[in-house]
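The values are calculated or read from the model by the stated rules, or taken from the named source; none is laboratory data. Keep in mind the model is a prediction, meaning the values are calculated, not measured. Cβ coordinates were reconstructed from backbone atoms using ideal geometry, including for glycine residues, and neighbour counts include every protein chain displayed.
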Amino acid sequence: MRITIDKDVCIGSGQCALTAPSVFTQDDDGFSALLPGREDGGGDPLVREAARACPVQAITTTEE
Ligand code: SF4
């Protein structure tokens, strides 16, 4: 899986980090970021939930 965060769209609500804390975090400015080594989601099924939970659809996932 490839995870893309559109930082132009992200409003820093933190829903993704709350939903899938093993994959998403928030950077110093409060915007969503992927944890190091988790760029592929690490097989965590909560990644899709996090993408759905994002209020502005800033997260997209694609299967490779
Ligand atoms: S849930 Fe969406 S808007 Fe909120 S921090 Fe994550 S990517 Fe940004």
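General remarks:
- Test: residue in the range 32-44 that is near the ligand (Cβ under 8 Å from one of its atoms) and loosely packed, with under 14 Cβ neighbours inside 10 Å: no
- Under the condition of being among the hydrophobic types (A, V, I, L, M, F, W, C) and within 8 Å of the chain's Cα centre (by Cα), the residues counted in the range 19-57 number 8.
- Scanning the range 22-64 for residues that are in contact with a Leu (Cβ under 8 Å, 6 or more places away or on another chain) and either of a type in the set (Phe, Trp, Tyr) or modelled with pLDDT under 95 (or both) turns up just one, 24.
- Taking residues in the range 38-64 that are more than 15 Å from residue 6 (Cα to Cα), and partners anywhere that are polar (S, T, N, Q) and within 10 Å of the ligand (Cβ to nearest atom), the pairs with Cβ atoms closer than 8 Å and at least 6 places apart or on different chains are 46/19; 49/19.
- Count of the range 45-60 residues which are away from the ligand (no atom under 12 Å from the Cβ) and surrounded by 11 or more Cβ atoms within 10 Å (Cβ to Cβ): 2
- Failed criterion for residue 16 (all others in (1) over 9 Å from the mean Cα position of the chain (by Cα); (2) near the ligand (Cβ under 8 Å from one of its atoms); (3) not small (Gly, Ala, Ser) hold): (1)
- Residues satisfying the stated conditions in the range 22-37, i.e. more than 17 Å from residue 1 (Cβ to Cβ) and assigned to a loop (DSSP other than H, G, I, E, B): 27, 28, 29, 30, 31
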